[in-house]
1. In segment 124-144, how many residues are more than 16 Å from residue 221 (Cα to Cα), modelled with pLDDT of 95 or more and outside any loop (DSSP other than H, G, I, E, B)?
2. Which residues, taken from segment 37-53, are in a loop (DSSP other than H, G, I, E, B) and in contact with a helix residue (DSSP H, G or I) (Cβ under 6 Å, 6 or more places away or on another chain)?
3. Hey, could you check segment 63-84 for residues that are within 21 Å of residue 43 (Cβ to Cβ) and buried (at least 17 other Cβ atoms within 10 Å of the Cβ) and say which is nearest to the chain's Cα centre (by Cα)?
4. Among the residues of segment 233-271, write down those that are under 15 Å from residue 196 (Cβ atoms) and either part of a strand (DSSP E or B) or at pLDDT below 95 (or both).
5. Could you check how many residues of segment 159-206 are part of a loop (DSSP other than H, G, I, E, B), surrounded by fewer than 16 Cβ atoms within 10 Å (Cβ to Cβ) and over 17 Å from the mean Cα position of the chain (by Cα)?
6. For segment 279-289, which residues satisfy the criterion of being within 11 Å of the ligand (Cβ to nearest atom) and crowded, with 21+ Cβ neighbours inside 10 Å?
7. Here are some residues: 219, 239. Which one is more than 22 Å from the chain's Cα centre (by Cα), surrounded by 17 or more Cβ atoms within 10 Å (Cβ to Cβ) and in contact (Cβ under 8 Å) with a residue 24 or more places away in the chain?
8. List every residue pair whose Cβ atoms sit under 6 Å apart, with the two residues 6 or more apart in sequence or on different chains, where the first one lies in segment 199-216 and is closer than 29 Å to residue 71 by Cα and modelled with pLDDT under 95 and the second, anywhere, is within 9 Å of the ligand (Cβ to nearest atom) and assigned to a loop (DSSP other than H, G, I, E, B).
Ligand SMILES: NC(=O)c1ccc[n+]([C@@H]2O[C@H](COP(=O)([O-])OP(=O)(O)OC[C@H]3O[C@@H](n4cnc5c(N)ncnc54)[C@H](OP(=O)(O)O)[C@@H]3O)[C@@H](O)[C@H]2O)c1
């Protein structure tokens, strides 16, 4: 029987996804009526969704089995109280690879102290700044989920010691894992470079604050491709100014685009990147969408369902 899938994301995404989705639905043996809008919301079986797409009120879509997000972070989707249907976040292998490139690149930048040479004056020959080997450094990752664990493995391959922290304790051959309040303290104390890959939830807001910064190694650096609210900005700026922290690479912010007068733009120890750490890659993300719809049609449990209680 033909199923109706509503694509609710900006037009540019529709043009990008449409060729892949059509082909993959056929290959998966699914008979799908893929639509951009509908006069009969009760006939819609699945919604492919981005929060900046046209559907804002989910109440009329009473028979929808799954809302599949095209975004990894679901904090905006969860603010929509009409969205009560099962919601899956995007776990995209392509996005994972892109994130590992970003994180490894910026870990290396802090490790090698590259910023100091970029800002050196002519004749400033500071050869005492040769970096130690990667194996003498520890990289901590707060949030060893889909992205964090993959990045941890990429960083470890480069020779760094890698420690990770999550809500539930993980066991991994490469990344030494911690959980709980004591675990967070242990990771903060060990990390020369700290990477934030936590979701934005009430529990993780301001996890980098005056207290947590005080527990960090003197001279540690922070890389945040997670979400802006993970950091208490005033505390981070104070940590950088006091010298506890040697630098920060920030990709995400409480307000985006980051306002022109924000102190991060001009701070000598901060590198701002404009929320480009990694994006959903259409080719791989489309296969994830199809897999979940196929699961719905064959009675298998959906992948990557959001737990509304914990907020991710
Ligand atoms: N900047 C960008 O371009 C970009 C792109 C994609 C994603 N992101 C961000 O990256 C985040 C992570 O994505 P993901 O796919 O890796 O998510 P994920 O698979 O859900 O992983 C989240 C990790 O955070 C841990 N966590 C959540 N709440 C916690 C808490 N209160 N205390 C300790 N650990 C906690 C989880 O612990 P458990 O393992 O125990 O559940 C898990 O390890 C997204 O939410 C999004 O905000 C940014």
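1. 1
2. The one that is in a loop (DSSP other than H, G, I, E, B) and in contact with a helix residue (DSSP H, G or I) (Cβ under 6 Å, 6 or more places away or on another chain): 51.
3. The selected residue is 68.
4. Residues satisfying the conditions are 245, 247, 248, 249, 250, 270, 271.
5. Summing the residues that are part of a loop (DSSP other than H, G, I, E, B), surrounded by fewer than 16 Cβ atoms within 10 Å (Cβ to Cβ) and over 17 Å from the mean Cα position of the chain (by Cα) in segment 159-206 gives 7.
6. Result: 280, single match.
7. The unique qualifying residue is 239.
8. none
The values are calculated or read from the model by the stated rules, or taken from the named source; none is laboratory data. Keep in mind that what you see is a predicted model, and the values were worked out from it rather than measured. All Cβ positions, even for glycine, are placed from backbone atoms using ideal geometry, and neighbour counts span all protein chains on display.
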